[in-house]
Ligand SMILES: Cc1ncc(COP(=O)(O)O)c(C=O)c1O
């Protein structure tokens, strides 16, 4: 830390992203990326792209992309906001709706929520998951605080049904409830279906997982037009060109290609089930994940050792050195071959122990 860093942020612990190794080829199952390339329509557009166009700024209103997203969800473009990854969308939402207020979220969830809160000086109420690592919606009925829930929840992959999300929304008529649906396309049901009924609902999604565009950095929010206007106020006070020209075009093509999207999601779901069955046979237990990852532990081997042994064998997964979840590792669902390899290597590791 330099001696110039503002004391207000001196205690900030930044988010630790999953490893992105540049020096060795791993089977990369650590950051919930898609094992499949983006839609062929996206690849075609990229091939046709002219470098000369990069002279020009992107459309700050992101009109083409917002209307493609609006068509997909059956809402109006005024109900859509786009950002540089859903991390940015969430950061804007925390600033717009959390600053000077309190935000509630679970203890085991997407780690960025507490980082944003610290960065923006937002008071938090961190609510422990129950003993089954599930969210109890009744823990979020306290009016006067904003709520952010990942659904499926990050790390566990567990899903809250929409009826439970509705109970949270109803308990908060004067607060914003953010539902982060980064993993919803792998078996969850989107709260976008509730947008007509609740003006306090903000649904956040990403192109990084189910649409294979993590490197393009595009995220979105759906909500009442006034909530979206508030996000735009933050955006135009920070970086009007937050999504670059190329990513905007590619994301619009990706969301229009529903057939390819459905095929990829179905494959990932099938391979999640295949992997879960294989790991259970090897003695693992796991949360009931509806995401593109599994959160697993084994009575015979610690989370840390399993992570390290897999890494030695060229397979990268994610281990979190945190109370409550230290025994677990999170494994992204890759291609079928990746998962077959993971199972074979895991069997060897357990046998050698
Ligand atoms: C729950 C959750 N929300 C949001 C994000 C951010 O995704 P991105 O910024 O790539 O859209 C992630 C990334 O892993 C996540 O797990």
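Rule-based calculations on the coordinates, nothing more; no lab input. Worth saying up front: this structure is predicted, and the values here are computed from it rather than measured. Note that each Cβ is placed from the backbone with ideal geometry, even for glycine, and that neighbours are counted across all protein chains shown.
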Item checked: Using a Förster distance of 41 Å, the FRET efficiency for residue 171-residue 23 (Cβ separation, nearest 0.05) -> 0.25
Check: Given labels modelled 7 Å from the Cα in the Cβ direction, how far is it in nm from residue 6 to residue 226?
Finding: 2.9
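May I ask you to compute the full-extension gain from residue 101 to residue 67, defined as 0.36 nm times their residue separation minus their alpha-carbon distance, rounded to one decimal in nm?
Working: separation 34, 0.36 × 34 = 12.24 nm, distance 3.23 nm.
Here the answer is 9.0 nm.
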Next item on the list: Using a Gaussian network model of the chain whose springs link C-alpha atoms within less than 10 Å, name the residue from 86, 61, 210 with the highest mean-square fluctuation.
Entry: 61
Note to self: Using square roots of five times the C-alpha gyration tensor eigenvalues, list the equivalent-ellipsoid semi-axes of the range 40-256 in whole Å, biggest first.
What the structure shows: 30, 18, 16
Checklist line | Least to most buried among 45, 160, 316 (fewest other Cβ within 10 Å first) | finding: 45, 316, 160
Notebook entry, point to check: Okay, which of the range 58-77 sit inside 19 Å, backbone N to the point 7 Å along the Cα-Cβ direction of residue 236?
Noted result: 58-67, 77
